[in-house]
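Taking it in order: structure first as structure tokens, then the write-up.
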């Protein structure tokens with residue numbers, strides 16, 4: 001698929017996905033302040049799971065830049081950044097990234113939840129909505145996700161959504177200043193029901 005066709009195809013996709021309890025919404029620059037608050041209030045909670053953050057990350061300018069970058073990825077058909085909203089408050093983030101078309105037709109899934117809202121099934125619901133969008137709107141064939149080997153809650157989210165265990169990726173991602181091992185999971189469109 002050419003870049004022009006990808007941009008045109010993504011232009012008409014739904015930007016808001018409603019679940020029973022939460023809403024996924026494509027992040028825009030209007031959400032930069034909420035995303036900054038999310039990162040500031042969850043910096044200790046997210047530190048073991050994300051790249052090491054410099055102080056400049058925790059600024060409104062940087063979050064405008066991050067959201068703008070996600071918008072450009074969306075416009076190019078390469079990925080999308082969703083906010084997870086509960087009662088109009090951003091309580092999580094979910095990204096579909098590195099969309100590759102052609103014979104691969106696949107993408108990567110990543111997500112994080114506010115520490116005050118973990119354990120309630122909100123991310124399980126968000127991932128289910130994102131998979132519906134990825135398989136039936138983007139028409140992807142495969143979605144892959146990886147977790148740190150000791151991140152049992154995240155593995156639970158993936159397994160509850162029908163992901164299959166693929167294997168161990170040694171020293172896979174540079175997380176919190178260290179190359180860390182991850183377990184990788186995947187799901188195929190034919191194994192997904194809306």
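Summary table
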item	result
Only listed residue being more than 15 Å from the chain's Cα centre (by Cα) and modelled with pLDDT of 95 or more, chosen from 131, 90, 148, 158	148
Within segment 73-86, tally of residues that are at pLDDT 95 or above and either in a loop (DSSP other than H, G, I, E, B) or more than 16 Å from residue 15 (Cβ to Cβ) (or both)	1
Subset of segment 134-148 (residues that are surrounded by 14 or more Cβ atoms within 10 Å (Cβ to Cβ) and closer than 16 Å to residue 186 by Cα)	134, 135, 140, 141, 142, 143, 144, 145, 146, 147, 148
Condition met for residue 101 (touching a residue at least 60 places away in the same chain (Cβ under 8 Å), touching a helix residue (DSSP H, G or I) at 6+ places or on another chain (Cβ under 9 Å) and farther than 19 Å from residue 14 by Cα)	yes
Single condition residue 13 does not satisfy, out of (1) surrounded by fewer than 17 Cβ atoms within 10 Å (Cβ to Cβ); (2) over 22 Å from residue 138 (Cα atoms); (3) in contact (Cβ under 8 Å) with a residue 40 or more places away in the chain	(2)
Test: residue in segment 170-190 that is part of a loop (DSSP other than H, G, I, E, B) and crowded, with 20+ Cβ neighbours inside 10 Å	no
Filter result (more than 29 Å from residue 119 (Cβ to Cβ) and buried (at least 16 other Cβ atoms within 10 Å of the Cβ)) within segment 65-78	71, 73, 74, 77, 78
Residue in segment 115-128 that is nearest to the chain's Cα centre (by Cα), counting only those that are under 16 Å from residue 25 (Cα atoms) and in contact (Cβ under 8 Å) with a residue 60 or more places away in the chain	126
Residue satisfying condition, being within 17 Å of the chain's Cα centre (by Cα), modelled with pLDDT under 95 and under 22 Å from residue 147 (Cα atoms), within set 53, 70	70
Filter result for residue 81 (closer than 21 Å to residue 134 by Cα, touching a residue at least 40 places away in the same chain (Cβ under 8 Å) and surrounded by 13 or more Cβ atoms within 10 Å (Cβ to Cβ))	yes
Residues within segment 104-119 that are more than 17 Å from residue 10 (Cα to Cα) and either part of a loop (DSSP other than H, G, I, E, B) or at pLDDT below 95 (or both), tallied	4
Residue, surrounded by the most Cβ atoms within 10 Å (Cβ to Cβ), within segment 150-159, restricted to residues that are in contact (Cβ under 8 Å) with a residue 24 or more places away in the chain and out of contact with any helix residue (DSSP H, G or I) (no Cβ under 9 Å at 6 or more places or on another chain)	155
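Okay, residues lined up against (1) within 27 Å of residue 164 (Cα to Cα); (2) out of contact with any helix residue (DSSP H, G or I) (no Cβ under 9 Å at 6 or more places or on another chain):
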{"position": "42", "(1), (2)": "no, no"}
{"position": "64", "(1), (2)": "no, no"}
{"position": "79", "(1), (2)": "yes, no"}
{"position": "106", "(1), (2)": "yes, yes"}
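The values are calculated or read from the model by the stated rules, or taken from the named source; none is laboratory data. If you're wondering where the values come from, they're calculated on a predicted model, not measured in any experiment. When we count neighbours, we look across all protein chains shown, and the Cβ atoms used for this are built from the backbone with ideal geometry, even at glycine.
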